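Novice: I'd like to ask some things about the structure below.
The values are calculated or read from the model by the stated rules, or taken from the named source; none is laboratory data. Not measured: the values here are computed from a predicted model. Using ideal geometry, Cβ is built from the backbone for each residue, glycine included, and neighbour counts are taken over all protein chains shown.
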Amino acid sequence: MSQDPFTPRVFSGAQPSGNLHLGNYLGALRNWVGMQGSDYETVYCMVDLHAITVWQDPAELRQATRELCAGYIASGLDPEKSILINQSQVPEHAQLAWIFNCVARMGWMKRMTQFKDKAGKNAENASLGLFGYPALMAADILIYHATHVPVGEDQKQHLELTRDIAAKFNHDYGVAFFPMTEPVIEGAATRVMSLRDGSKKMSKSDPSDMSRINMTDDADTIAKKIRKAKTDPEALPSEPEGLDDRPEACNLVNIYAALSDQSVDQVLSEMGGKQFGEFKPLLADLAVAKLSPISSEMARLMADPAEIDLILSRGAQRAREITRPILRQTYDIVGMVAPVEI
């Protein structure tokens, strides 16, 4: 199906689950900032409806949603250039999701590996929302007629489902209404690993706070975590092949490369032969220079939650200028009787 009728538009989002960390920044946020003001309209979401597929403390969910918004803005997402929303303020997301619940097939949902991973062995006690949330994810994207979605490896299956739902809807109703959304695959050196175990992804759920750099960490904490990061006794190699079977060394070099906007080759041509006692202070200085302004700006924004709430309300108003007509047209295609003026 041709993409020509559709405005080039990017949609992406993250769950407000607290502890935004370096992996989120290098793996997603920085790429989102790079798309802002380019050839796309950009919509970035705090997916609070997805968050409640597992139980959330209400006060903590509100706090985490505001903190995530602060992290978006502090990382460089401009509310004037991008639409920033929390999902629940734009009801068309959930309304379109119901339509898609009736388009998607049970077999498709049962193949979603993330449900199996998150539900684990106790799938019978998982919420219906956790099982069905890929349909809501498809609605998040298609309620904007988004043409592009930046995705990591763990979300590619959900984007494929989004395309399947769009194709089936279009086929069933004989229309070319929803676009076949294209993935924007994240570049290299964005997979950030634990500072305590280079074989595991950096994660907010790791019990050790020393395993990650939180985007709320101050300069001293960032530097301390880099200095104490796990390494090995060997010097840095001059070629990337020398990082094979050295996961902690590879992780720190990747972080340095990403923060300095260099390739791993470039970093190693400069740093090859250095011991970690020499390299770590350089990485710590770089991380502090790049990240502490973000944590400072997040703290400033979080000191005024009313301003964050206003930004989200304005974003929702702008978003609904897009989503309301798309939902109205969807309902018309499906055969819903529209309201009339009385």
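Novice: Quick check on this structure: which one of TRP108, TRP98 is assigned by TED's automatic domain parsing to the domain that holds ARG328, surrounded by fewer than 15 Cβ atoms within 10 Å (Cβ to Cβ) and assigned to a helix (DSSP H, G or I)?
Specialist: TRP98
Novice: Please specify each residue of segment 20-65 satisfying the condition of being among the small types (Gly, Ala, Ser) and either free of Cβ contacts under 8 Å to residues at least 60 places away in the same chain or more than 25 Å from SER292 (Cβ to Cβ) (or both). It would help to see each step written out before you state the result.
Specialist: Of the residues in segment 20-65, the ones among the small types (Gly, Ala, Ser) are 23, 27-28, 34, 37-38, 51, 59, 64.
Selection gives GLY34, GLY37, SER38, ALA51, ALA59, ALA64.
Novice: Moving on. Could you tell me which numbered condition ASP117 fails, if it satisfies all but one of (1) crowded, with 18+ Cβ neighbours inside 10 Å; (2) more than 30 Å from ALA299 (Cα to Cα); (3) charged (D, E, K, R); (4) within 20 Å of the chain's Cα centre (by Cα)?
Specialist: (1)
Novice: Under the condition of being in contact with a helix residue (DSSP H, G or I) (Cβ under 9 Å, 6 or more places away or on another chain) and charged (D, E, K, R), which residue from segment 30-54 is surrounded by the most Cβ atoms within 10 Å (Cβ to Cβ)?
Specialist: If we take residues in segment 30-54 being in contact with a helix residue (DSSP H, G or I) (Cβ under 9 Å, 6 or more places away or on another chain) and charged (D, E, K, R), then ASP48 is surrounded by the most Cβ atoms within 10 Å (Cβ to Cβ).
Novice: Kindly provide the set of residues from segment 251-274 that are in a loop (DSSP other than H, G, I, E, B) and either modelled with pLDDT of 95 or more or acidic (Asp, Glu) (or both), ordered by number.
Specialist: ASP261
Novice: State which residue is surrounded by the most Cβ atoms within 10 Å (Cβ to Cβ) when the search covers only segment 12-29 and only residues that are within 23 Å of LEU259 (Cβ to Cβ) and among the hydroxyl-bearing types (Ser, Thr, Tyr).
Specialist: Going through the qualifying residues, I end up with TYR25.
Novice: Looking at GLY242, GLY277 in this structure, which one is farther than 20 Å from MET215 by Cβ, loosely packed, with under 15 Cβ neighbours inside 10 Å and either modelled with pLDDT of 95 or more or of a type outside the set (Lys, Arg) (or both)?
Specialist: Going through GLY242, GLY277 in turn, just one is farther than 20 Å from MET215 by Cβ, loosely packed, with under 15 Cβ neighbours inside 10 Å and either modelled with pLDDT of 95 or more or of a type outside the set (Lys, Arg) (or both): GLY277.
Novice: Identify the single condition in (1) within 19 Å of ILE326 (Cβ to Cβ); (2) modelled with pLDDT of 90 or more that LEU159 does not satisfy, given that it satisfies every other one.
Specialist: Of everything listed in (1) within 19 Å of ILE326 (Cβ to Cβ); (2) modelled with pLDDT of 90 or more, LEU159 misses just condition (2).
Novice: Here are some residues: SER203, SER199, SER211, SER127. Which one is polar (S, T, N, Q) and free of Cβ contacts under 8 Å to residues at least 40 places away in the same chain? Talk me through it step by step, then tell me what you get.
Specialist: On the way: SER203 fails: free of Cβ contacts under 8 Å to residues at least 40 places away in the same chain; SER199 fails: free of Cβ contacts under 8 Å to residues at least 40 places away in the same chain; SER127 fails: free of Cβ contacts under 8 Å to residues at least 40 places away in the same chain.
Result of the check over SER203, SER199, SER211, SER127: SER211.
Novice: Given (1) of a type in the set (A, V, I, L, M); (2) assigned to a helix (DSSP H, G or I); (3) touching a Leu at 6+ places or on another chain (Cβ under 7 Å); (4) within 30 Å of ALA64 (Cα to Cα), identify the lone condition not met by ALA289.
Specialist: Going through (1) of a type in the set (A, V, I, L, M); (2) assigned to a helix (DSSP H, G or I); (3) touching a Leu at 6+ places or on another chain (Cβ under 7 Å); (4) within 30 Å of ALA64 (Cα to Cα) one by one, ALA289 breaks only (3).
Novice: Quick test of your reading of the structure: ASN122 fulfils all but one of (1) in contact with a Ser or Thr (Cβ under 9 Å, 6 or more places away or on another chain); (2) surrounded by fewer than 16 Cβ atoms within 10 Å (Cβ to Cβ). Name the failing condition by number.
Specialist: If we test ASN122 against (1) in contact with a Ser or Thr (Cβ under 9 Å, 6 or more places away or on another chain); (2) surrounded by fewer than 16 Cβ atoms within 10 Å (Cβ to Cβ), just (1) comes out false.
Novice: Another question, if that's okay. Taking segment 208-231 as the region of interest, how many residues are within 29 Å of ASP244 (Cβ to Cβ) and not basic (Lys, Arg)?
Specialist: Total meeting the criteria: 9.
Novice: Here are HIS158, HIS145: which of them is on the phi > 0 side of the Ramachandran plot and of a type outside the set (Gly, Ala, Ser)? Give the steps one after another, and end with the answer.
Specialist: Details: HIS158 fails: on the phi > 0 side of the Ramachandran plot.
Answer to the check: HIS145.
Novice: Hey, another quick one. Test of understanding: among GLU160, GLU67, which residue is in the same structural domain as PHE177 (by TED's automatic domain parsing), within 30 Å of MET336 (Cα to Cα) and acidic (Asp, Glu)?
Specialist: GLU160
To keep it simple, each residue is scored yes or no on (1) out of contact with any Asp or Glu (no Cβ under 8 Å at 6 or more places or on another chain); (2) without any contact (Cβ under 8 Å) to a residue 40 or more places away in the chain; (3) not β-branched (Val, Ile, Thr).
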| position | (1), (2), (3) |
| --- | --- |
| LEU236 | yes, no, yes |
| GLU248 | no, no, yes |
| ILE255 | yes, no, no |
| ARG324 | no, no, yes |
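Novice: Something else about it: Taking the options GLY76, GLY71, name whichever one is closer than 23 Å to ASP304 by Cβ, touching a helix residue (DSSP H, G or I) at 6+ places or on another chain (Cβ under 7 Å) and surrounded by fewer than 18 Cβ atoms within 10 Å (Cβ to Cβ).
Specialist: Testing whether each residue is closer than 23 Å to ASP304 by Cβ, touching a helix residue (DSSP H, G or I) at 6+ places or on another chain (Cβ under 7 Å) and surrounded by fewer than 18 Cβ atoms within 10 Å (Cβ to Cβ) leaves just GLY76.
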